[in-house]
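The values are calculated or read from the model by the stated rules, or taken from the named source; none is laboratory data. Treat the numbers as computed from the prediction; the structure is a model and nothing was measured. Counting neighbours? That spans all protein chains shown, and the Cβs are built from the backbone with ideal geometry, glycine included. Please note that ligands, DNA and RNA were not included when accessible areas were found on the heavy atoms of the full protein model with its side chains. Shrake-Rupley method; radii C 1.70, N 1.55, O 1.52, S 1.80 Å.
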Amino acid sequence: MRFNALQILKQGLTGNRGWAPQWRNPEPKPEYDIVLIGGGGHGLSTAYYLAKKHGLTNIAVLEKGYLGGGNVGRNTTIVRANYFLEGNSQFYSHSLGLWENLEQELNYNVMLSQRGQLMLCHSDGQRDAFARRGNAIVNQGDDAELLSPEGVRALVPYLDYEQLRFPIYGGLLQRRAGSARHDAVAWGYARGADRLGVDLIQQCEVTGIDIENGAVRGVQTTRGSIRAKKVAMVAAGRSGQVAAMAGMRLPVESHVLQAFVTEGLKPCIDHVISFGMGHFYISQSDKGGLVFGGDLDFYPSYAQRGNLPMKEHVMEAAMTLMPMIGKARVLRSWGGIMDMTPDGSPIIDRTDTKGLYLNCGWCYGGFKAVPASGDCFAHLIATDQPHEAASRYRLDRFKTGYGLMDEEGTGAQHNLH
Amino acid sequence: MRITCPLCGARDLREFSVTGSAALLNRPEEGAELPEWDDYLHNRDNPAGPSDELWYHSGGCGAWLVVRRDTTSHAVLDVRLASEQKT
Ligand SMILES: Cc1cc2nc3c(=O)[nH]c(=O)nc-3n(C[C@H](O)[C@H](O)[C@H](O)COP(=O)(O)OP(=O)(O)OC[C@H]3O[C@@H](n4cnc5c(N)ncnc54)[C@H](O)[C@@H]3O)c2cc1C
Ligand SMILES: [Zn+2]
């Protein structure tokens with residue numbers, strides 16, 4: 001069923017009893033051309049673009065839980081294209097372009113809100129770095145504005161400008177950046193893929209990958225074995241376990257990242273804002289909750305929850321930057337499993353096994369990547385050639401040392417990003 | 001999360017920092033081949049379950065520790081001095 005104004009009116013007048021399920025719930029077939037392991041944002045968008053752009057529809061997405069139950073439904077939904085390094089910059093630029101047309105493409109309201117993202121700087125050095133980054137972003141064709149302290153104050157008057165410890169020297173604003181409804185992105189791609197004939201199979205955990213003579217043959221699952229000509233691993237935080245089924249050790253360590261939401265408030269924070277001197281960023285959801293987060297807890301974890309010290313740090317940073325939110329009550333906090341790579345950038349590549357493909361290493365930034373990752377991974381799986389926007393996301397860059405993309409400049413080493 | 005340092009006793013998580021898998025103790029010999037270094041520096045077992053990790057008691061005695069921890073529950077299962085672990 002296509003969504004349109006007439007449908008909404010008709011359904012509204014007839015008690016909303018006519019809405020049908022958004023996707024089928026099929027039994028797994030014994031064989032597919034392509035099996036995708038993981039029904040998160042990246043798995044679903046990959047399935048959609050394989051069907052839509054490459055006409056490949058004999059595909060199954062195997063999800064061990066429910067669609068969108070992983071990180072795609074746990075993130076803080078920031079969408080932006082303000083990366084600095086060659087490789088990342090064109091990829092995220094491509095992704096933002098796809099975001100801007102996503103609702104029309106999927107006929108689904110993903111609630112993309114280009115409210116602008118503001119990164120604050122608090123020293124001369126940081127401001128210089130922002131000027132350089134802003135120029136790089138503009139050169140790659142996206143938007144960036146360097147704001148003076150007065151410019152920042154005019155935009156967001158409620159920050160603490162009087163404090164001496166971390167004075168605000170300015171900010172880098174990307175107006176096209178913003179946020180989106182995370183669940184809707186998963187659902188929109190799921191519905192789109194299903195309508196094109198892709199089988200979305202939930203409650204189906206992959207427990208083994210069958211390889212014969214260096215080529216992939218299929219997978220073992222909790223719902224039986226499934227043969228496949230091509231198998232693609234898109235399991236985000238669980239990539240290590242999935243790749244181990246194919247005898248691979250990945251340059252990935254899984255860590256926990258926490259996030260928080262307050263009770264619903266009247267609109268007060270109109271942008272996405274990140275503090276430059278502590279780990280804190282914030283935006284306000286359409287329901288009114290302040291959604292915020294900080295850095296990793298910095299120890300390996302699959303628990304999907306974190307510890308108190310990082311919570312305390314995030315709250316302290318919040319109070320330093322915008323004391324006005326101090327009376328808001330925090331309703332919930334949670335954590336997600338982040339697939340961290342040594343340089344903090346992702347991997348979209350073939351593997352040494354014929355017909356086996358890998359998409360992982362999204363660290364804490366893979367939500368904004370969902371459209372482009374699906375597009376580029378689908379291209380790779382369908383054509384066996386990397387998409388030009390993702391050609392630098394090679395698995396072997398750590399081994400060779402060539403083409404590392406370390407945005408933070410801290411070194412291509414685990415536990416530094 | 002609290003970690004019982006063999007030298008200092010049970011201490012708060014905030015006193016420690018972690019460097020990653022205890023496999024870091026098994027540094028390849030000088031002149032080892034590239035794949036061996038790649039494995040050592042980058043590739044990880046990344047276990048979901050009991051995992052040996054290298055922790056540093058930075059806010060305490062300054063000892064390096066091998067902490068065995070369940071990464072699915074954060075339970076600390078065992079703590080030893082790294083100096084005793086290394087063979
Ligand atoms: C707190 C938090 C805040 C974040 N904030 C942002 C942000 O503001 N902006 C941004 O761009 N990114 C953000 N991210 C990162 C982003 O959410 C992730 O990088 C991205 O969602 C990962 O890709 P995915 O959606 O495919 O992962 P997931 O949704 O985790 O999908 C992977 C799926 O694979 C399934 N799976 C695993 N193993 C198997 C198996 N053996 N068999 C079958 N299925 C399996 C899992 O059940 C899961 O559903 C944040 C993450 C967190 C946790
Ligand atoms: Zn100690």
Handout entry: strands (runs of 3 or more DSSP E) enclosed by segment B:1-82 - at least 1 residues per element that are away from ligand 2 (no atom under 16 Å from the Cβ) and farther than 22 Å from A:ASP343 by Cβ
Key = B:50-56, B:64-70, B:76-81
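From the residues in segment A:320-358 that are hydroxyl-bearing (Ser, Thr, Tyr) and assigned to a strand (DSSP E or B), which one is surrounded by the most Cβ atoms within 10 Å (Cβ to Cβ)?
We begin by selecting, within segment A:320-358, every residue hydroxyl-bearing (Ser, Thr, Tyr); these are A:320, A:333, A:341, A:345, A:351, A:353, A:357.
Add one more test, that the residue is assigned to a strand (DSSP E or B), and what stays is A:333, A:357.
Working: A:SER333: 16, A:TYR357: 22.
For segment A:320-358, the residue satisfying everything is A:TYR357.
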Exercise for the section: Pairs only if they're at least six apart or on different chains, beta carbon under 6 angstrom, first in segment A:157-169 and touching a residue at least 60 places away in the same chain (Cβ under 8 Å) and closer than 15 Å to A:GLY278 by Cβ, second part of a loop (DSSP other than H, G, I, E, B) and of a type in the set (A, V, I, L, M, F, W, C); list them, first residue then second. Expected result: A:LEU159/A:MET322; A:PHE166/A:MET277
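From A:LYS230, A:LYS266, which residue is within 30 Å of A:ARG332 (Cβ to Cβ) and charged (D, E, K, R)? Show your work before the answer.
On the way: A:LYS230 fails: within 30 Å of A:ARG332 (Cβ to Cβ).
Step by step, each of A:LYS230, A:LYS266 is checked, and only A:LYS266 is within 30 Å of A:ARG332 (Cβ to Cβ) and charged (D, E, K, R).
Among what's in segment A:17-68 and is hydrophobic (A, V, I, L, M, F, W, C) and within 20 Å of A:ARG2 (Cβ to Cβ), pick the residue that is nearest to ligand 2 (Cβ to nearest atom).
At the first step, the residues of segment A:17-68 found to be hydrophobic (A, V, I, L, M, F, W, C) are A:19-20, A:23, A:34-37, A:44, A:47, A:50-51, A:56, A:59-62, A:67.
Then keep just the ones that are within 20 Å of A:ARG2 (Cβ to Cβ); that gives A:19-20, A:23, A:44, A:47, A:51.
Details: A:TRP19: 60, A:ALA20: 62, A:TRP23: 54, A:LEU44: 47, A:ALA47: 50, A:ALA51: 56 Å.
Only one residue fits best here, namely A:LEU44.
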Completion exercise
Note on segment A:371-409: residues more than 30 Å from A:GLU105 (Cα to Cα), within 22 Å of the chain's Cα centre (by Cα) and open to solvent by 50 Å² or more (accessible area, probe 1.4 Å) are A:LEU404, A:GLU408, A:GLY409
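Quick grid of which residues meet (1) away from every other protein chain (no Cβ under 11 Å); (2) at pLDDT below 95:
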site	(1), (2)
B:GLY9	yes, no
B:ASN26	yes, yes
B:ALA48	no, no
B:GLU53	no, no
B:ARG68	yes, no
B:SER83	yes, yes
Exercise for the section: For A:HIS414, indicate whether it is within 14 Å of chain B (Cβ to nearest Cβ), touching a residue at least 40 places away in the same chain (Cβ under 8 Å), within 30 Å of B:ASP70 (Cα to Cα) and crowded, with 16+ Cβ neighbours inside 10 Å. Expected result: yes
Fill in the blank from the handout: A:TRP23 passes all but one of the listed conditions (1) open to solvent by 20 Å² or more (accessible area, probe 1.4 Å); (2) part of a loop (DSSP other than H, G, I, E, B); (3) within 24 Å of A:TRP334 (Cα to Cα); the exception is number (3)
Practice task
Go through the residues of segment A:362-374 one by one and say whether even a single one is of a type in the set (Lys, Arg), on the phi < 0 side of the Ramachandran plot, in the same structural domain as A:ILE209 (by TED's automatic domain parsing) and away from ligand 1 (no atom under 13 Å from the Cβ).
Solution key: no
Practice task
Return a yes/no flag: does segment B:71-80 have any residue that is within 8 Å of chain A (Cβ to nearest Cβ), free of Cβ contacts under 8 Å to residues at least 24 places away in the same chain and within 26 Å of A:GLY361 (Cβ to Cβ).
Solution key: yes
Handout entry: Condition met for B:SER58 (within 14 Å of chain A (Cβ to nearest Cβ), under 22 Å from A:GLY306 (Cβ atoms), surrounded by fewer than 17 Cβ atoms within 10 Å (Cβ to Cβ) and among the small types (Gly, Ala, Ser))
Key = yes
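Please work out which residue is surrounded by the fewest Cβ atoms within 10 Å (Cβ to Cβ), limiting yourself to segment A:251-306 and to residues that are closer than 30 Å to B:TYR40 by Cα and more than 14 Å from every other protein chain (Cβ to nearest Cβ). Explain how you work it out, then say what you get.
First, the residues of segment A:251-306 that are closer than 30 Å to B:TYR40 by Cα: A:251-258, A:279, A:294-306.
Going one step further and asking which of them are more than 14 Å from every other protein chain (Cβ to nearest Cβ), we end up with A:257, A:279, A:294.
On the way: A:LEU257: 26, A:HIS279: 15, A:GLY294: 24.
Going through the qualifying residues, I end up with A:HIS279.
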Handout entry: Residues being more than 10 Å from ligand 1 (Cβ to nearest atom), outside any loop (DSSP other than H, G, I, E, B) and of a type outside the set (A, V, I, L, M) - total across segment A:241-260
Key = 2
Fill in the blank from the handout: Note on segment B:1-52: residues over 14 Å from the mean Cα position of the chain (by Cα), within 16 Å of ligand 1 (Cβ to nearest atom) and open to solvent by less than 30 Å² (accessible area, probe 1.4 Å) are B:GLY49
Practice task
Mind listing whichever residues of segment A:172-211 are within 12 Å of ligand 1 (Cβ to nearest atom), open to solvent by 40 Å² or more (accessible area, probe 1.4 Å) and not in a strand (DSSP E or B)?
Solution key: A:GLN203, A:GLU205
Problem - Breaking point among (1) in contact with a strand residue (DSSP E or B) (Cβ under 9 Å, 6 or more places away or on another chain); (2) within 14 Å of chain B (Cβ to nearest Cβ), for A:GLY344 - result: (1)
